[in-house]
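Contents: one structure, followed by commentary.
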Amino acid sequence: MTRLRARYSACFALLAALLVLLGLWNLVSGSASVTAGQALGLLFSPPDGSTASSILWEMRLPRVLAAAILGGALSVSGFLLQTFFANPIAGPFVLGISSGAKLTVSLTMIFLLGRGLTAGSAALIAAAFAGAMISMGFILLLSRRLHRMSLLVVCGVMIGYICSAVTDFVVTFADDSNIVNLHNWSMGSFSGIYWDSVGVMAAVVGLALLLTFLLSKPMGAYQLGEVYARSMGVNVRRFRAELILLSSVLSACVTAFAGPVSFVGIAVPHLMKSLFRTARPILMIPACFLGGGAFCLLCDLIARTLFAPTELSISSVTAVFGAPVVLYMMAGRRAAER
Amino acid sequence: MEEFYLRTRDLSVGYGKKPLVEHVDLRVRRGEILTLIGPNGAGKTTVLRGIIRQLDALCGAVYLDGRAMADMTEGEIARRLSVLMTQRVRPELMTCADVAAAGRYPYTGRLGVLSQKDWDKVYEALELVHARDLAREDFTRLSDGQRQRVLLARALCQEPEVLVLDEPTSFLDIRHKLELLAILKDLARERRLAVVLSLHELDLAQKVSDLVACVHNGAIERFGPPEEIFTEEHIAQLYGAARGSYIPDFGCLELERPAGEPQVFVIGGAGRGIPVYRRLQRRGVPFAAGVLQENDLDFPVASALGVEVVSEIPFQPIGRAAFDRAAALIRICPKVLCPLDVFGPLNEKNRELAELARTEGRLSYDF
């Protein structure tokens with residue numbers, strides 16, 4: 001028992017350290033050079049109006065926080081879906097949930113921009129949530145007929161393609177202004193996020209995360225299957241609804257601010273399970289949040305700096321790191337099932 | 001008389017609106033084992049799922065500890081009743097201790113963190129099912145027998161008063177079947193658990209159960225102690241077993257008897273005839289057997305497999321009538337087998353029959 005506890009503490013410490021380090025690295029790298037010492041100095045003093053200070057406070061810090069919060073939210077959302085489908089290949093991106101959210105968000109943006117309005121954070125989240133729930137509804141309907149996860153993933157990818165195609169279509173024919181921005185967003189990016197958005201996403205993700213954490217007990221029981229969960233006293237119907245709602249809120253929040261971000265939802269929970277060597281929700285929920293944050297900070301760092309000043313879309317980078325993990329897992333599962 | 005801890009009253013269960021099994025009236029006290037038997041697809045699992053409230057009752061009710069289960073909360077039920085179902089459990093990265101510990105669910109707080117006392121109970125339960133040494137093993141790597149034991153430990157961690165098990169012995173080899181049923185027996189006797197289970201193995205059901213219920217034709221066809229249930233006619237009717245028969249004395253099944261004129265006459269007794277009868281059955285040779293006292297070990301098997309059995313009433317020396325009938329059969333059959341090498345006062349006539357066969361040139365030692 002004590003040895004396990006020590007192991008878990010060490011893992012959490014490692015994740016926290018990674019998160020902080022990658023955060024700092026993100027703060028100091030970029031076209032305007034700031035040393036680590038300068039950055040720390042600027043962070044622990046109020047904004048002083050210098051260029052360095054405003055770059056740090058107004059551009060880099062919100063982006064770092066957004067990447068950490070949204071990356072964490074995405075991995076937790078993936079973990080919830082994996083628990084729901086009892087399958088580690090489930091995730092908001094492969095099941096088409098992110099793409100559904102992307103479609104409704106771009107429709108909302110274009111509609112509002114066409115009337116000369118800018119979409120507020122709350123409106124974007126609401127739109128993304130609606131889109132996520134629509135995709136989720138499709139997947140749930142399909143899951144009654146298709147009991148094989150691989151087929152369900154194929155359906156999810158199809159839903160994703162349909163939504164992306166419609167999104168591209170409306171973006172192409174939308175009015176010119178702000179379209180560049182929209183186009184960037186629809187590819188997935190943490191750029192252009194400011195403090196007000198960070199506040200909103202912190203509040204939404206924080207609340208959803210707290211509720212998720214409170215669900216960790218029934219989630220643990222549910223990992224043994226529906227029959228046993230029910231026999232141990234879990235109200236399965238309510239629990240499943242809560243799981244779906246929370247996972248949709250989390251992935252919708254990510255899509256609303258950063259567009260679709262691929263594979264984080266599958267890769268990070270898998271990495272965390274391998275690191276902790278357990279799948280206990282009470283450990284995995286915080287671990288996925290920290291790990292997802294660190295993962296997205298790393299990917300965003302690469303997206304920003306690899307071909308600077310050109311920025312890569314975040315999804316291209318997460319796919320490079322995440323997709324191999326998913327492939328490895330699917331191959332491993334086949335071997336285990338045989 | 002102790003109260004019935006679990007009882008159903010006019011329970012109907014099924015999928016959708018259509019009842020599959022109706023008018024289920026079962027009663028079981030603490031310390032008793034109730035076994036459901038019946039052919040595949042008769043609805044044993046459905047009845048069990050109705051009892052544990054995983055299927056809504058179409059009508060009727062289930063009472064647990066004197067209260068209707070429909071009025072109890074999930075938690076109240078979970079502290080009194082736990083289950084071991086056939087559903088495949090494939091948890092990721094869980095040790096056996098983790099799986100067993102999941103059973104503490106109804107007793108832990110909001111976040112489900114186990115106290116030292118809870119862990120003690122977990123290890124006690126693992127000890128009880130002889131799985132203490134598996135505690136740190138990965139659950140998915142266990143054999144079927146070990147898996148069932150760990151899942152049983154999980155059920156025990158719920159500290160139930162009723163244990164419901166759906167075909168717990170399927171996929172287990174004989175040793176593990178016996179081991180599991182012995183554990184159940186101990187739990188019923190020592191911990192005063194009421195145990196409700198379904199079994200396919202009639203021999204085991206006959207031995208382990210205090211009460212047996214036969215699920216057949218959409219109802220509980222019979223319900224009572226095993227002595228009343230396990231009769232040859234009833235089991236044959238229950239399973240529609242036209243191509244074989246059930247021997248209640250041995251709790252064993254015999255295959256269909258070869259039909260036709262007897263080709264072989266077997267002079268048996270004291271168990272020596274049984275392997276010969278079975279070999280003839282396998283080869284499809286119709287045979288007659290005799291002369292056997294009705295209390296002879298060979299008699300039930302000979303009756304199940306032989307075309308004709310010449311018998312004598314129990315504890316009596318073989319009489320004239322039986323001898324004459326056997327002699328007549330020996331004259332018809334082309335071949336006579338006599339696996340006996342000792343004769344005594346009661347079967348002296350069998351020696352004469354063997355002599356007769358020898359003089360007729362029909363006695364063969366080729367079994």
Quiz prompt | Residues (crowded, with 24+ Cβ neighbours inside 10 Å, over 16 Å from A:K217 (Cα atoms) and within 12 Å of chain B (Cβ to nearest Cβ)) located in the range A:272-296 | solution = A:M272
Quiz item: In the list B:T86, B:T73, which residue meets the criterion of being under 24 Å from B:I51 (Cα atoms), at pLDDT below 90 and more than 30 Å from the chain's Cα centre (by Cα)?
Solution: B:T73
Quiz item: What are the residues in the range B:11-32 that are open to solvent by 60 Å² or more (accessible area, probe 1.4 Å) and under 25 Å from B:H234 (Cβ atoms), if any?
Solution: B:L20, B:E22, B:H23, B:D25, B:R27
Quiz item: Going by the conditions given, is B:T35 outside any loop (DSSP other than H, G, I, E, B), of a type in the set (S, T, N, Q) and buried (at least 22 other Cβ atoms within 10 Å of the Cβ)?
Solution: yes
Quiz item: Can you find even one residue in the range B:225-233 that is within 30 Å of B:Y5 (Cβ to Cβ), of a type in the set (S, T, Y) and surrounded by fewer than 19 Cβ atoms within 10 Å (Cβ to Cβ)?
Solution: yes
Quiz item: Can you pull out the helices (runs of 4 or more DSSP H) entirely within the range B:95-206 that have at least 3 residues that are within 14 Å of another protein chain (Cβ to nearest Cβ)?
Solution: B:96-101, B:116-128, B:144-157
Self-check item: Residues (facing chain A (nearest Cβ under 9 Å), open to solvent by 20 Å² or more (accessible area, probe 1.4 Å) and in contact (Cβ under 8 Å) with a residue 12 or more places away in the chain) located in the range B:76-85
Solution: B:R79
Quiz item: For the range B:9-39, which residues satisfy the criterion of being over 30 Å from B:R189 (Cα atoms) and either hydroxyl-bearing (S, T, Y) or free of Cβ contacts under 8 Å to residues at least 40 places away in the same chain (or both)?
Solution: B:S12, B:Y15, B:G16, B:K18
Practice problem: Determine which member of the set B:E201, B:E159 is modelled with pLDDT of 90 or more, open to solvent by 10 Å² or more (accessible area, probe 1.4 Å), under 30 Å from B:L64 (Cβ atoms) and of a type in the set (D, E, K, R). | Solution: B:E159
Quiz prompt | Matching residues in the range A:217-243 - criterion: being out of contact with any Lys or Arg (no Cβ under 8 Å at 6 or more places or on another chain), part of a helix (DSSP H, G or I) and more than 19 Å from B:M69 (Cα to Cα) | solution = A:P218, A:M219, A:A221, A:Y222, A:E226, A:R238, A:F239, A:R240, A:A241, A:E242, A:L243
Quiz prompt | Condition check for A:V94: without any contact (Cβ under 8 Å) to a residue 40 or more places away in the chain, β-branched (V, I, T) and either open to solvent by less than 20 Å² (accessible area, probe 1.4 Å) or part of a loop (DSSP other than H, G, I, E, B) (or both) | solution = no
Exercise. Evaluate the range B:173-184: report whether one residue or more is β-branched (V, I, T), within 22 Å of B:Y5 (Cα to Cα) and surrounded by 22 or more Cβ atoms within 10 Å (Cβ to Cβ).
Key: no
Practice problem: Might you let me know whether the range B:48-67 holds any residue that is modelled with pLDDT under 90, surrounded by fewer than 19 Cβ atoms within 10 Å (Cβ to Cβ) and assigned to a helix (DSSP H, G or I)? | Solution: no
Quiz item: Only one of (1) under 19 Å from A:L95 (Cβ atoms); (2) away from chain B (no Cβ under 14 Å); (3) open to solvent by less than 10 Å² (accessible area, probe 1.4 Å) is not met by A:C299, so which one is it?
Solution: (1)
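The values are calculated or read from the model by the stated rules, or taken from the named source; none is laboratory data. Computed from a predicted structure; not experimentally measured. Here the Cβ is made from the backbone with ideal geometry for all residues, glycine too, and neighbour counts use every protein chain on show. The accessibility values were calculated without ligands, DNA or RNA, using every heavy atom of the protein model including side chains. Shrake-Rupley method; radii C 1.70, N 1.55, O 1.52, S 1.80 Å.
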